[in-house]
1. If you scan segment 20-78, which residues turn out to be among the polar types (S, T, N, Q) and outside any helix (DSSP H, G or I)?
2. For Ala13, only one of the following conditions fails: (1) more than 21 Å from Glu75 (Cβ to Cβ); (2) in contact with a Pro (Cβ under 8 Å, 6 or more places away or on another chain); (3) touching a residue at least 12 places away in the same chain (Cβ under 8 Å). What is its number?
3. I'm trying to understand the selection: among the residues of segment 20-69, which are over 21 Å from Asn82 (Cα atoms) and not aliphatic (A, V, I, L, M)?
4. Which of the residues belonging to segment 5-19 are surrounded by 14 or more Cβ atoms within 10 Å (Cβ to Cβ) and not in a loop (DSSP other than H, G, I, E, B)?
5. Out of the residues in segment 40-83 that are closer than 14 Å to Ala30 by Cβ and among the aromatic types (Phe, Trp, Tyr), state the one that is surrounded by the fewest Cβ atoms within 10 Å (Cβ to Cβ).
Amino acid sequence: MYQIILSLPEEAALALHLSPEQLAQEIPLAAAIKLYELGKLSSGAAANLAGIPRSVFLSKLADYGVNTFHLSKSELIEDLANA
């Protein structure tokens with residue numbers, strides 16, 4: 001597993017109204033959602049990055065305004081076959 005250290009300006013943390021512990025959960029989730037939205041990660045890989053179950057990840061997409069189902073028909077069939 002890789003470990004990445006992220007420096008965050010105090011102003012950004014204060015603007016988000018999150019504790020350091022909450023930021024440690026929120027930032028990987030936001031990154032995972034964006035990478036999923038861009039098509040760079042599957043929902044399973046993105047959920048793994050966020051450290052949450054895939055079903056929880058998929059439910060959180062709506063909180064960020066990201067469409068859950070943007071798969072083509074063939075991608076959906078493949079995803080169902082792997083479920």
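1. Ser42, Asn67, Thr68, Ser72
2. So the condition that Ala13 fails would be (3).
3. Of everything in segment 20-69, those that are over 21 Å from Asn82 (Cα atoms) and not aliphatic (A, V, I, L, M) turn out to be Pro20, Glu21, Gln22, Gln25, Glu26, Pro28, Lys34, Lys60, Asp63, Tyr64, Gly65.
4. The one that is surrounded by 14 or more Cβ atoms within 10 Å (Cβ to Cβ) and not in a loop (DSSP other than H, G, I, E, B): Ala13.
5. This residue is Tyr64.
Each value in this text was obtained by applying a stated rule to the coordinates, not by laboratory testing. What you are looking at is a predicted structure, and each value in this text was computed from that prediction instead of being measured. Here Cβ is always computed from backbone atoms with ideal geometry, including for glycine, and neighbour counts include all displayed protein chains.
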